[in-house]
Amino acid sequence: MRDLLEGITWFRGSSVRIRRAGLEIHVDPLGLTEGSAADVVLLTHPHYDNFSEADIARVRKPGTVLVAPASMKKLIADADHFMRPGDMLQLEGFDILAVPAHNVDKKFHTAEHGWLGYVFTVGGATYYHAGDTDFLPSMFGIRCDVAFLPCGGHYTMGVDDAAKAAAACGAHVIVPIHWGEPHGSLEDVGRLRDLFSGEVHVLDRAS
C-alpha cells in the first residue's frame, strides 16, 4: 500500500503532483513550492483556486502534454487534448479516462460546464482525481487504487460523501484534498478513518 503513495505531493486545494514510473503528472498545478517539470498536466476546471496560468507555465516544458475540459478551449487554446466526460485518451505509459465532476444541489460547479475528474493508470497503479464535485452515481463505474477526493463540504462534497465515493469506486486509499481553505478541518477529515474501511492518508501541504 505504501508504494501507491510514494511520489505524491499535495500543494493546496486540488493541486496534486504524482511522480511514478519515470513520469511527473500534475493535476491543477497551483501554489507550487518547488521546481517541477511535468510530463502531463490535467486541468479539472477554470475556477481561480484550480486554474493558475502562471503555475501551468512553471511546470510546462517542451513535450508536456496538457489536457483540459472541452469547455476551456477559449481559456487555454494551446492545450494538447480537450476532453469531455466519458472520453478516453491513451498516451505512452499513461491512460486517462475523463469523468464527470459537478455539484448536485449547489451551483458552484454545474453539470452543463462539462468539468472533469480524471482516472489514470501509471506504473501499474490507478488513481482517481475527482476534481471539484459532489458524490455522483457515476462513481460506481470507476475502479481505482487511490482516490483524491475533495472533503471541504461547502463547494464540494464533505467527508461523509467522500467515504461513500471511495467505497463506490473501490479505492484502497483516500487522499483528502480541497479542505481547510477555509472549509473542512483536520478533525473533520480525520472522521474519514471511522467512515471508510480502507486507508486514509492525510497529506501535509507542501511548504
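The values are calculated or read from the model by the stated rules, or taken from the named source; none is laboratory data. Here the structure is a predicted model, which means the values were calculated and not measured. Counting neighbours? That spans all protein chains shown, and the Cβs are built from the backbone with ideal geometry, glycine included.
Within the group Phe120, Phe108, which residue is closer than 17 Å to Ser14 by Cβ, of a type in the set (Phe, Trp, Tyr) and in contact with a strand residue (DSSP E or B) (Cβ under 6 Å, 6 or more places away or on another chain)?
Working: Phe108 fails: in contact with a strand residue (DSSP E or B) (Cβ under 6 Å, 6 or more places away or on another chain).
Within the list Phe120, Phe108, the selection yields Phe120.
In the list Ala98, Ala70, which residue meets the criterion of being in contact with a Pro (Cβ under 7 Å, 6 or more places away or on another chain), on the phi < 0 side of the Ramachandran plot and aliphatic (A, V, I, L, M)? Reasoning before the result, please.
Numbers: Ala70 fails: in contact with a Pro (Cβ under 7 Å, 6 or more places away or on another chain).
Just one listed residue meets the conditions, Ala98.
When you check Asp132 against the structure, is it in a loop (DSSP other than H, G, I, E, B), surrounded by fewer than 18 Cβ atoms within 10 Å (Cβ to Cβ) and either basic (Lys, Arg) or out of contact with any Asp or Glu (no Cβ under 8 Å at 6 or more places or on another chain) (or both), yes or no? Spell out how you get there, then give the answer.
Numbers: in a loop (DSSP other than H, G, I, E, B): yes; surrounded by fewer than 18 Cβ atoms within 10 Å (Cβ to Cβ): no; either basic (Lys, Arg) or out of contact with any Asp or Glu (no Cβ under 8 Å at 6 or more places or on another chain) (or both): yes.
Against the criterion (in a loop (DSSP other than H, G, I, E, B), surrounded by fewer than 18 Cβ atoms within 10 Å (Cβ to Cβ) and either basic (Lys, Arg) or out of contact with any Asp or Glu (no Cβ under 8 Å at 6 or more places or on another chain) (or both)), Asp132 does not qualify.
Please find, among Ala111, Ala98, Ala70, the residue that is of a type in the set (Gly, Ala, Ser), crowded, with 16+ Cβ neighbours inside 10 Å and either touching a residue at least 60 places away in the same chain (Cβ under 8 Å) or out of contact with any Lys or Arg (no Cβ under 6 Å at 6 or more places or on another chain) (or both).
On the way: Ala111 fails: crowded, with 16+ Cβ neighbours inside 10 Å; Ala70 fails: either touching a residue at least 60 places away in the same chain (Cβ under 8 Å) or out of contact with any Lys or Arg (no Cβ under 6 Å at 6 or more places or on another chain) (or both).
Testing whether each residue is of a type in the set (Gly, Ala, Ser), crowded, with 16+ Cβ neighbours inside 10 Å and either touching a residue at least 60 places away in the same chain (Cβ under 8 Å) or out of contact with any Lys or Arg (no Cβ under 6 Å at 6 or more places or on another chain) (or both) leaves just Ala98.
Within region 127-142, take every residue that is within 17 Å of Val67 (Cβ to Cβ) and not aromatic (Phe, Trp, Tyr) and give me the one that is nearest to the chain's Cα centre (by Cα).
Initial filter on region 127-142 (within 17 Å of Val67 (Cβ to Cβ)): 127-132.
Those still in the list that are not aromatic (Phe, Trp, Tyr) too: 129-132.
Values: His129: 3, Ala130: 5, Gly131: 5, Asp132: 8 Å.
This residue is His129.
Going through region 170-190 one residue at a time, which ones are crowded, with 24+ Cβ neighbours inside 10 Å, modelled with pLDDT of 95 or more and in a loop (DSSP other than H, G, I, E, B)?
Ala171
If you check Asp145, Asp160, which single one turns out to be touching a helix residue (DSSP H, G or I) at 6+ places or on another chain (Cβ under 7 Å) and surrounded by fewer than 17 Cβ atoms within 10 Å (Cβ to Cβ)?
Numbers: Asp145 fails: surrounded by fewer than 17 Cβ atoms within 10 Å (Cβ to Cβ).
Every option except Asp160 fails the conditions.
Of the conditions (1) surrounded by fewer than 19 Cβ atoms within 10 Å (Cβ to Cβ); (2) of a type outside the set (Gly, Ala, Ser); (3) within 16 Å of the chain's Cα centre (by Cα), Val104 clears all except one; give me its number.
Val104 satisfies every listed condition except (3).
Restricting attention to region 94-113, which residues are of a type in the set (A, V, I, L, M) and part of a strand (DSSP E or B)?
Just the residues of region 94-113 that are of a type in the set (A, V, I, L, M), to begin with: 96-99, 101, 104, 111.
Ile96, Leu97, Ala98, Val99 - these are the residues of region 94-113 that are of a type in the set (A, V, I, L, M) and part of a strand (DSSP E or B).
Report those strands (runs of 3 or more DSSP E) wholly inside region 8-87 carrying at least 1 residues which are farther than 17 Å from Val122 by Cβ. Lay out the reasoning, then the answer.
Numbers: elements: 8-12, 15-20, 23-27, 40-42, 65-69, 81-83.
Answer list for region 8-87: 8-12, 15-20, 65-69, 81-83.
Does any residue in region 153-164 that is of a type in the set (Val, Ile, Thr) come within less than 6 Å, Cβ to Cβ, of a residue that is assigned to a helix (DSSP H, G or I) six or more places away or on a different chain, and which pairs are these?
Val159/Asp188; Val159/Leu192
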